[in-house]
Structures are given as C-alpha cells and as structure tokens.
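Engineer: My questions all concern the structure below.
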Amino acid sequence: MSETKPGIKSPEGFSVVHAGDTAFEARGLRAFFEYRDLGIRDATGGRVGMHVIRARPGGESVPEWHTHDIEFQMIYVLKGWFKFEYEGHGEVTLRPGSCVHQPPGIRHREIAHSDDAELIEITLPAEFETHECDAP
C-alpha cells in the first residue's frame, strides 16, 4: 500500500474502464466509424480524450481532407489496417502496432480501412474543432 507524502496531492480523476463497461456508439466525427469512450475525458475534466475507434460494419470511408484545432493527437492501431494520406508525407498504411503522431493542423484524410479495423486515439483536449479543407 502506498502512502501520499506530505505536501503532495494525490491524483484526482482516477479512472478504470473495463471491456464491458462502455459500448461502441455510432456518434462521432466520422459516420463510417464507431467510438468507445475510455473514461479519460471525464477523469481529466476534458483536458485529454481517449477512445477506441473501429470500422462500422458496411461503412465505407469518405476521404475528406481536414484539419483539427488540437494540441496533440496520436493513434495506435489494434486490428486490421487503415490507409491515410498526410500533407507532405503522402499515403501511409497503418497495421497493428503502427503508431502515428498527427501534429496540430496537419491536413490529412482517411482513405480506406479493413472491415475489422480498430485503433486507439488520444487527443488533447478531448473536444476540438475539425475543419474541412482543400487538398494540400
């Protein structure tokens, strides 16, 4: 058992979410994905967002160039594959174990994904604006 040292505040917003605790929902940024909240938004007062994103059965990509008003965005692929296109980097195919840091404001689009595609996304902040834009 650990003790809190004098003068050090214990962490607030402790959160544990198990596999069956939250369900995938069809609402989210893209209609062809489903999103499962991992409880980090509430635990951090909206400073950080973390969710699992998976392909919706029968959903096909709509490759639209866009940017995000965001401080940090990272994705880590769990299953299947995703094909993205990034400004200045071209097309990138991501497979299980692939990790991408998408810098603030980078123009990008999701081109295609496998039917079993699934990834984890971490964002700062949890809520952010997305803007459609022209191709780079």
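Engineer: Quick one: is P57 over 16 Å from L29 (Cα atoms) and modelled with pLDDT of 95 or more?
Structural biologist: no
Engineer: Could you list, in sequence order, all residues of the range 31-56 that are surrounded by 20 or more Cβ atoms within 10 Å (Cβ to Cβ) and closer than 13 Å to H113 by Cβ?
Structural biologist: Selection gives F33, E34, I53, R54, A55.
Engineer: Moving to a separate point now. Starting from the range 13-24, keep only residues that are surrounded by 12 or more Cβ atoms within 10 Å (Cβ to Cβ), then list their pairs with residues that are in a loop (DSSP other than H, G, I, E, B) whose Cβ atoms are within a distance under 6 Å, requiring at least 6 positions of separation or different chains.
Structural biologist: Qualifying pairs under 6 Å: G13/T44; S15/G39; V17/L38; V17/G39.
Engineer: Could I ask something else about it? Where the second residue is open to solvent by less than 20 Å² (accessible area, probe 1.4 Å) and outside any loop (DSSP other than H, G, I, E, B) and the first is within 14 Å of R47 (Cα to Cα) and among the small types (G, A, S) and lies in the range 111-129, which pairs have Cβ atoms under 6 Å and are six or more apart or on separate chains?
Structural biologist: The qualifying pairs are A126/G49.
The values are calculated or read from the model by the stated rules, or taken from the named source; none is laboratory data. Predicted, not measured: the structure shown is a model, and the values here were computed from it. So basically every Cβ, Gly included, is an ideal-geometry build from the backbone, and we count neighbours across all protein chains shown. All accessible areas refer to the heavy atoms of the entire protein, side chains included, with ligands and DNA or RNA removed. Shrake-Rupley method; radii C 1.70, N 1.55, O 1.52, S 1.80 Å.
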